[in-house]
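My questions will all concern the structure given below.
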Amino acid sequence: MGVLELLESMIVTANGILWGAPLFIMILGVGLLLTIRLGGIQVRLFPMAILRLTRSIHEKNDGREGDISPFQALSTALSGTMGIGNIAGVSTAIVLGGPGAVFWMWMTAVIGMATKYAEAVLALKYRVRNADGTMAGGPMYYIEKGLKNRWLALAFAGCAAVATVGGGGMAQANSIANGISYQLGVDWAMPLPIIGPVSAIGILVGLTLTLFTGLVIIGGIKRIGRVASWLIPFLSIFYVGGGMLVMLASYDRVPGAIGLIFQYAFSPYAVAGGALGYSVVEAIRYGVARGVFTNEAGLGSAPVAYAASKTRSPVDQGLLAMLEVFIDTLVTCSITAFVVLSSDVWDGGLTGTALTTEAFSRTLGPAGAFIVLISTILFGFSTIIGWSYYGEQYSAYIFGHRHKNGFKALYLISVFAGSVLGVRLVWEIADLFNGLMAIPNLVALAALSGVVSLESDLLSRLKSGASTLCALSLLRGFHPYFQLVISASG
């Protein structure tokens, strides 16, 4: 057994322990706690969040503390979450957990909207200003300042920095390289020292990705925010629009696909005449796992981007943060699920990007394969540039801001390495450190849930004004909603 094979075996074993029921219960439990303490904010204030989104697109934020606009902060966070998981992750969940896994992915997203709101609020409340004038924030700061625990904050930042290299750089580059190789039908191998034979396509893709990533991240959060603010809207329209075309062309199969999701969310699904099938436990397991992987609610990544926002208040940015989960999982991932399940190939042996490509191609032909290929490249690239900023902030917290360029160099190396390494090893590394970074963040979210609740209520009161509050006191049962209406409308 070679060194890489031994490393992969050890990480697989560790992931089997880490990504078990306790971590899933912790993720969902914290989300439910926040949902209850915030009064179902993801449903109650969802219309308000949409209003904030429409206003933030053209809103001028000059003179406010921060580095980028609230919309650019949302776009940067979306660039980190809208990755290969939206294409390959959904297909994998369906293959491993059956159609019912999609339902549990939805449930994870609904609960995760409250989690993401809390992460954004805490990130802005406890953010700090660096010596160079830029803002810094995220779980490491609200763990240190809110929980008064420097060691736990360092543990989070250390695991998060490794997860950035593994999940942000290596994993996304790996999926882009493999997606291109699959669609081109080319698998040229080149021998490299120690590593062994690697894909020639992977080398070319790695060099190209490294170059373009470097051109973006060298400009810091402001350039990342600008690129993300036009890339994410275009990508969302392109991929979701392509999926809608597939659904319109096969409209008669869509109701059946939706029926499969709800039917097998609570009952086993048998295939091959009942010889094989999926249990409800598998549907829950893979639905929750892929849901967390794609929207990252509870992992502690997106708060780093929100901390740089020139927002009016933590509450305002928190409302936008809720929409990150909605757009990523309840919209984009659902499109993938409907397309895959309305095809007749979802249980035919394919998985990941290959399955999504085949499902699009069955209806749209070569145009469908082109849509998936371009989306795979852009989804992956958007995640690569988004996570580069996260990792830069994690490393700066540990080693100081003078070493940010050193991390950028390491990150670019990881992008190239991910393009040529084996698929499973890359993703196992990403899963391991994603799980490790989630634990301290979830502990902090639960412990500081009262702070989030108080901030949401008191801050809106300060903005509303005493006279308005007196008038709205007649509508006491709805006063949080109307206070935030006033806050959002200026």
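Over the chain, what is the percentage of antiparallel beta bridges among all DSSP beta bridges, to the nearest 5? Write down the numbers at each step before the final one.
On the way: 9 of 10 bridges.
Of the beta bridges lying entirely in the chain, close to 90 percent run antiparallel.
Going highest first, how would you order 372-383, 293-304, 94-105 by mean Cβ packing within 10 Å? Don't skip to the answer; put the middle values down first.
Values: 372-383: 23.8, 293-304: 29.6, 94-105: 26.2.
Descending packing order for the listed peptides: 293-304, 94-105, 372-383.
How many lysine pairs does the chain hold where the Cα atoms are under 23 Å apart and the two sit 8 or more places apart or on different chains?
22
Could you tell me the ratio Rg/Rh of segment 354-441? Both radii from Cα atoms, Rh via Kirkwood.
Numbers: Rg = 16.9 Å, Rh = 15.5 Å.
Ratio of gyration radius to Kirkwood radius for segment 354-441: 1.10.
Once you have all Cα-Cα distances for segment 321-387, histogram them in 10 Å bins from zero and send the whole-percent values.
For segment 321-387, the pair-distance distribution reads 20, 48, 27, 6.
Next question, about the same structure. Treating only the Cβ atoms of Lys and Arg (+1) and Asp and Glu (-1) as charged, compute the dipole magnitude of the chain about its Cα centre; round to the nearest 20 debye.
1580
I'd like to check one number: the per residue accessible area of segment 291-358, probe 1.4 Å, reported in Å² as a whole number. Don't skip to the end; give the middle numbers.
Working: 1110 Å² over 68 residues.
On a per-residue basis, segment 291-358 sits at 16 Å².
Let me have the relative contact order for the chain, percent, based on Cα pairs under 8 Å that are six or more residues apart. Let's see the in-between values first.
Values: 841 pairs, mean separation 171.7, N = 490.
That works out to 35 percent.
For segment 1-99, what value does the Rg/Rh ratio take when both radii are computed over Cα atoms and Rh is the Kirkwood radius, given to two decimals?
Numbers: Rg = 20.1 Å, Rh = 18.1 Å.
Checking Rg against Rh, the ratio lands at 1.11.
Here is a further query. For the chain, what are the DSSP H helices with axial Cα length of 24 Å or more and mean Kyte-Doolittle hydropathy of at least 0.5?
Numbers: long enough: 100-125 (38 Å, 1.05); 200-217 (26 Å, 2.34); 220-249 (43 Å, 1.28); 366-399 (49 Å, 1.01); 404-420 (25 Å, 0.86); 423-447 (37 Å, 1.32).
What comes out of the filter, once short or polar helices are dropped, is 100-125, 200-217, 220-249, 366-399, 404-420, 423-447.
In debye, nearest 20: dipole of segment 32-102 around its Cα centre with unit charges on the Cβ of K, R (+) and D, E (-)? Present the calculation step by step, with values, prior to reporting the outcome.
Numbers: 6 positive and 4 negative charges, 56 e Å.
For this selection, approximately 280 debye.
Please list log₁₀ I(q)/I(0) at q = 0.09 Å⁻¹ for the chain, using the Debye equation with identical point scatterers on the alpha-carbon positions.
-0.58
The values are calculated or read from the model by the stated rules, or taken from the named source; none is laboratory data. Computed from a predicted model, the values in this text were never measured in an experiment. Cβ atoms come from the backbone with ideal geometry, glycine included; neighbour counts cover every protein chain shown. Accessible surface is based on the protein model in full, side chains and every heavy atom, while ligands, DNA and RNA are left aside. Shrake-Rupley method; radii C 1.70, N 1.55, O 1.52, S 1.80 Å.
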